[in-house]
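The values are calculated or read from the model by the stated rules, or taken from the named source; none is laboratory data. Just so we're clear, the structure is a prediction, and the values are computed from it rather than from any experiment. Please note: Cβ atoms are built from the backbone with ideal geometry, for glycine as well, and neighbour counts cover all protein chains shown. Heavy atoms of the whole protein, side chains included, go into the accessibility calculation; ligands, DNA and RNA do not. Shrake-Rupley method; radii C 1.70, N 1.55, O 1.52, S 1.80 Å.
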Amino acid sequence: MSKKILAMVLVVLMVVTVFTGCAPKTTTPDAAASAEAVAKDATATEATVTDTAIPNPAKDRANAADTLVVGMTEAKGDFFPAYYSTTYDGYIVQLMFDGLLTNDKSGALVPQLAKSFETSDDKKTYTFHLRDDVKFWDGTPLTAKDVKFTYTTFADPSYDGRYNSSVFDVVGFEEYNAGKATELTGIKIIDDYTVSVSFKEAKVSNIYNLIGGIMPVHYYGFEKGNAQTLKDKMAAMDVMGSGRYKMVKFEPKQYVELTAYDTWYGGKINIKNIICKFTTPDTQFQELEAGSIDMQLSVPPKQDNKDQIDAIGFINNMVYPGNSYGYMGFNLRDERLADQRVRQALVYGFNRKDFIDLYYNGNSAVCNTPISQVSWAYSNDVNPYDYDADKAMALLEEAGYKVGPDGIREKDGKKLSFIWDTYTESKYVETMIPLLQADWKKIGVKVEPNLMDFNSLVEKVYTSRDFQLYNMSWSMTVDPGDNFYTFHTTMDEPDGNNSIGLRDPEIDKLLEAGAKEFDQAERIKIYQEFAVKMNEKVPYMFLNQNDTWDTFNNRVKNLVISSYCDWTFYIESVELDN
């Protein structure tokens with residue numbers, strides 16, 4: 001797949017949402033793009049010192065000895081590698097389905113189902129040598145046929161998930177997708193445990209398109225043109241994977257329960273059961289203190305939250321640079337927002353620093369480009385768009401929008417009055433609403449929030465694309481090339497990541513150049529130029545980048561997390577001290 005178990009995946013961080021696709025947080029395979037080249041250390045750097053003398057109620061929980069309970073935002077329930085779109089669904093997928101490769105905590109690619117792979121001299125073909133000891137939960141061996149089936153699924157003409165972009169460049173995609181061929185010729189089965197994938201062009205991103213979870217052809221195989229049968233099995237929670245944990249139960253709006261796959265090829269799994277419990281900002285600290293959850297993911301990095309963590313006494317706080325950014329998306333199909341001057345005015349007209357300082361208590365920074373703070377391509381050498389109401393009003397005047405009798409600017413009968421689609425149960429949103437309304441009112445712009453649950457917002461923004469403004473956040477990989485899947489013109493399609501409808505030849509050209517350039521120094525130049533152009537064109541109002549806090553009970557041991565490594569990646573090594 002091409003995004004967070006490759007490029008990016010949707011996340012509600014309790015405070016900011018993150019949308020991404022399906023792939024592990026990884027760096028490029030080039031040695032120069034490894035951890036040494038990252039702008040900021042991506043590993044966890046701090047843990048709260050806890051008082052082990054304080055009674056720990058989690059140890060007295062009925063299922064404490066063999067069950068890890070993880071608090072997180074509600075999962076949607078799309079638990080197949082081919083169809084999930086939110087980070088929280090992604091966590092469940094990562095636990096149940098393994099991929100050819102994964103990454104370590106520094107972002108370097110490491111083998112998973114593939115014991116090794118090699119690249120052809122022209123960098124167009126990857127040949128994977130699979131482990132011969134991997135079996136799906138029903139005992140069926142995982143072979144090259146399953147790899148070919150998984151990636152052929154994304155090319156099927158009836159496939160309507162988010163990951164067809166991962167095979168766009170595979171040889172034979174157009175012919176297979178158009179019904180002119182019976183197989184995807186670029187994927188070749190050499191023997192039971194060897195498979196090759198050939199791409200039309202050499203691109204740095206190609207290897208990352210081949211990292212997502214592998215599905216069994218014997219269980220999910222369907223006739224070409226009938227991918228609906230796969231979706232039907234997903235809806236019925238008929239799951240068959242090869243990963244560390246098996247599905248036990250999904251209770252919508254409450255939890256997901258999983259149990260260890262005892263004969264997993266990777267060896268011993270220390271924790272027998274995992275329950276992913278859906279929590280909210282209003283309940284998460286109560287649950288941590290009561291011991292009803294052992295971990296809480298993505299706690300907002302705020303001083304009052306740290307005070308609560310410290311006060312509990314038996315909770316550790318893992319701190320690492322967030323490989324993500326918050327933003328407000330503008331629908332560029334709206335003629336008002338299609339005017340770059342209007343978009344720039346809206347950014348100048350909102351005091352983002354005051355908002356971020358108020359919400360995060362100084363533990364976050366204003367963001368101005370879609371390049372992560374931990375990326376080797378990150379640079380601050382762009383327009384900071386410091387709050388300037390006068391400049392905002394001058395831009396709106398230049399664009400022809402005059403203040404009407406009701407105080408709202410308009411041109412040709414069209415008012416600068418917007419509906420902002422956002423999500424419920426978010427202190428971040430609750431803080432932002434009155435500040436944004438007040439600031440934009442000063443420049444003659446009206447905005448009204450339209451709150452809904454997060455999964456409904458996803459459908460509205462990415463499927464129907466029926467919105468004017470919305471806010472979410474992207475979770476990214478270390479490689480800025482994944483911006484291709486968010487901002488390139490070809491991604492402007494229903495359920496594509498380019499929900500805002502950005503169609504810009506300059507942006508496209510830079511993204512295409514970055515994908516084909518293997519020299520790291522040249523790639524840095526390309527993506528820094530891309531960042532400057534995005535900063536100028538502001539298809540998003542970039543909001544914030546901050547550290548990520550994952551809190552956990554001190555009975556949880558050997559937890560591995562970083563900017564590029566989710567808690568699920570090495571879950572088999574985690575232990576519970578009872």
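Results, tabulated for the structure shown:
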{"read-out": "Some residue of segment 304-314 being open to solvent by 10 Å² or more (accessible area, probe 1.4 Å), under 26 Å from MET476 (Cβ atoms) and assigned to a helix (DSSP H, G or I)", "value": "yes"}
{"read-out": "Candidate set: segment 533-565, residues that are of a type in the set (D, E, K, R) and either assigned to a strand (DSSP E or B) or surrounded by 24 or more Cβ atoms within 10 Å (Cβ to Cβ) (or both); chosen: the one farthest from the chain's Cα centre (by Cα)", "value": "LYS557"}
{"read-out": "Unique residue being buried (at least 18 other Cβ atoms within 10 Å of the Cβ), of a type in the set (D, E, K, R) and closer than 26 Å to TYR84 by Cα when the list is ASP169, ASP160", "value": "ASP169"}
{"read-out": "Wholly enclosed strands (runs of 3 or more DSSP E) of segment 190-295 bearing at least 3 residues under 24 Å from GLY71 (Cα atoms)", "value": "245-251, 255-260, 273-278"}
{"read-out": "From ASP89, ASP98, residue being at pLDDT 60 or above, charged (D, E, K, R), open to solvent by less than 10 Å² (accessible area, probe 1.4 Å) and over 29 Å from LEU288 (Cβ atoms)", "value": "ASP98"}
{"read-out": "Residues satisfying the stated conditions in segment 388-428, i.e. open to solvent by 30 Å² or more (accessible area, probe 1.4 Å), on the phi < 0 side of the Ramachandran plot, without any contact (Cβ under 8 Å) to a residue 40 or more places away in the chain and in a loop (DSSP other than H, G, I, E, B)", "value": "PRO405, ASP406, THR424"}
{"read-out": "Segment 429-455, residues that are under 21 Å from THR87 (Cβ atoms) and either touching a Lys or Arg at 6+ places or on another chain (Cβ under 8 Å) or open to solvent by less than 50 Å² (accessible area, probe 1.4 Å) (or both)", "value": "VAL429, MET432, MET452, PHE454, ASN455"}
{"read-out": "Subset tally (residues that are surrounded by 23 or more Cβ atoms within 10 Å (Cβ to Cβ) and free of Cβ contacts under 8 Å to residues at least 60 places away in the same chain) for segment 336-347", "value": "0"}
{"read-out": "Of residues in segment 456-501 being of a type in the set (Phe, Trp, Tyr) and closer than 19 Å to SER165 by Cα, the one most open to solvent (accessible area, probe 1.4 Å)", "value": "PHE484"}
{"read-out": "Residues satisfying the stated conditions in segment 113-137, i.e. under 27 Å from the mean Cα position of the chain (by Cα), open to solvent by less than 30 Å² (accessible area, probe 1.4 Å) and over 16 Å from ILE189 (Cα atoms)", "value": "PHE136"}
{"read-out": "Count - residues of segment 493-515 that are at pLDDT below 95 and either in a loop (DSSP other than H, G, I, E, B) or out of contact with any Gly (no Cβ under 9 Å at 6 or more places or on another chain) (or both)", "value": "5"}
{"read-out": "Residues satisfying the stated conditions in segment 516-527, i.e. surrounded by 18 or more Cβ atoms within 10 Å (Cβ to Cβ), part of a helix (DSSP H, G or I) and in contact (Cβ under 8 Å) with a residue 60 or more places away in the chain", "value": "ARG523, ILE524, TYR527"}
{"read-out": "Some residue of segment 170-179 being over 22 Å from GLY99 (Cα atoms) and at pLDDT below 95", "value": "yes"}
{"read-out": "Which listed residue is at negative phi, among the β-branched types (Val, Ile, Thr) and open to solvent by 10 Å² or more (accessible area, probe 1.4 Å), from THR140, THR150", "value": "THR140"}
{"read-out": "Test set (1) touching a residue at least 60 places away in the same chain (Cβ under 8 Å); (2) touching a strand residue (DSSP E or B) at 6+ places or on another chain (Cβ under 7 Å) - GLY267 fails condition number", "value": "(2)"}
{"read-out": "Unmet requirement for GLU174, which otherwise passes all of (1) in contact with a helix residue (DSSP H, G or I) (Cβ under 8 Å, 6 or more places away or on another chain); (2) open to solvent by 70 Å² or more (accessible area, probe 1.4 Å); (3) closer than 27 Å to PHE487 by Cβ", "value": "(1)"}
{"read-out": "Flag for ARG333 being open to solvent by 20 Å² or more (accessible area, probe 1.4 Å) and outside any helix (DSSP H, G or I)", "value": "yes"}
{"read-out": "The one condition in (1) under 18 Å from ARG555 (Cα atoms); (2) at pLDDT below 95; (3) of a type outside the set (A, V, I, L, M) that PRO281 fails to fulfil", "value": "(1)"}
